[in-house]
Amino acid sequence: MDPIQGMVEAFNSRDLNAYLANFARDIVIENGDGEVTMAGQRELREFYSRLFTNSTQLRGVIVSQIQLDSYVVYVVTEEDLSGIELEGYPTAVHCLCIYRIEQGLFAHEWELM
């Protein structure tokens with residue numbers, strides 16, 4: 001299974017281990033300003049463990065996707081990423097995500113919200 005398909009299925013079922021299996025151990029996630037918001041699977045696990053536990057109605061659908069070599073870009077609208085129940089976060093998110101894939105895993109992510 002490709003990492004995008006695996007990520008979406010694991011996200012929607014809130015399966016933490018299956019979700020993390022799509023990311024490199026040294027994954028780096030940056031926001032639109034180039035600030036690192038998470039680094040490594042440990043930080044990813046801590047964040048998504050809280051998100052999946054608290055957000056019983058969590059649902060994500062990729063609206064549009066483009067792949068060029070080792071980069072994937074996709075768009076998610078507020079209608080397609082909702083059910084977020086996490087302090088400090090909106091209940092729905094509109095974002096553009098850019099991933100670099102290495103050896104079949106997400107190695108770097110840029111989130112523009």
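Whenever a residue of the range 43-58 is modelled with pLDDT under 95, its partners that are assigned to a helix (DSSP H, G or I) and surrounded by 13 or more Cβ atoms within 10 Å (Cβ to Cβ), lying with C-beta atoms within less than 9 angstrom and at least six residues away or across chains, give the pairs LEU58/PHE11; LEU58/ASN12; LEU58/LEU51; LEU58/PHE52. Screening the range 39-63 for residues that are part of a loop (DSSP other than H, G, I, E, B) and of a type in the set (S, T, N, Q) and picking the one that is farthest from GLU78 (Cα to Cα) gives THR56. Which members of the range 64-85 meet the condition of being within 27 Å of ARG50 (Cα to Cα) and either among the aromatic types (Phe, Trp, Tyr) or part of a loop (DSSP other than H, G, I, E, B) (or both)? Within the range 64-85, TYR74, THR77, GLU78, GLU79, ASP80, GLY83, ILE84, GLU85 qualify. Inside the range 1-45, can you point out the residues that are among the polar types (S, T, N, Q), more than 24 Å from SER64 (Cβ to Cβ) and exposed (fewer than 14 other Cβ atoms within 10 Å of the Cβ)? The one that is among the polar types (S, T, N, Q), more than 24 Å from SER64 (Cβ to Cβ) and exposed (fewer than 14 other Cβ atoms within 10 Å of the Cβ): ASN17. Scanning the range 48-63 turns up at least one residue that is farther than 18 Å from GLY104 by Cβ and among the aromatic types (Phe, Trp, Tyr). Of all residues in the range 78-113, those that are at pLDDT below 90, in contact with a His (Cβ under 6 Å, 6 or more places away or on another chain) and surrounded by 15 or more Cβ atoms within 10 Å (Cβ to Cβ) total 0. Any residue in the range 83-95 that is in contact with a Pro (Cβ under 8 Å, 6 or more places away or on another chain), under 20 Å from MET113 (Cβ atoms) and of a type in the set (Val, Ile, Thr)? Checked the range 83-95: at least one residue is in contact with a Pro (Cβ under 8 Å, 6 or more places away or on another chain), under 20 Å from MET113 (Cβ atoms) and of a type in the set (Val, Ile, Thr). Before we move on, is ASP26 assigned to a loop (DSSP other than H, G, I, E, B) and either at pLDDT 95 or above or over 23 Å from ALA92 (Cβ atoms) (or both)? In short, no.
Considering only residues in the range 11-47 that are over 13 Å from the mean Cα position of the chain (by Cα) and among the basic types (Lys, Arg), the one that is farthest from ALA107 (Cα to Cα) turns out to be ARG42. Annotation note: Cβ proximity below 6 Å between a residue of the range 86-104 that is assigned to a strand (DSSP E or B) and a residue that is modelled with pLDDT under 90 and among the polar types (S, T, N, Q) (sequence gap 6+ or interchain) occurs for ALA92/SER82.
The values are calculated or read from the model by the stated rules, or taken from the named source; none is laboratory data. Nothing here was measured: the structure is a model prediction, and the numbers come from that model. All Cβ positions, even for glycine, are placed from backbone atoms using ideal geometry, and neighbour counts span all protein chains on display.
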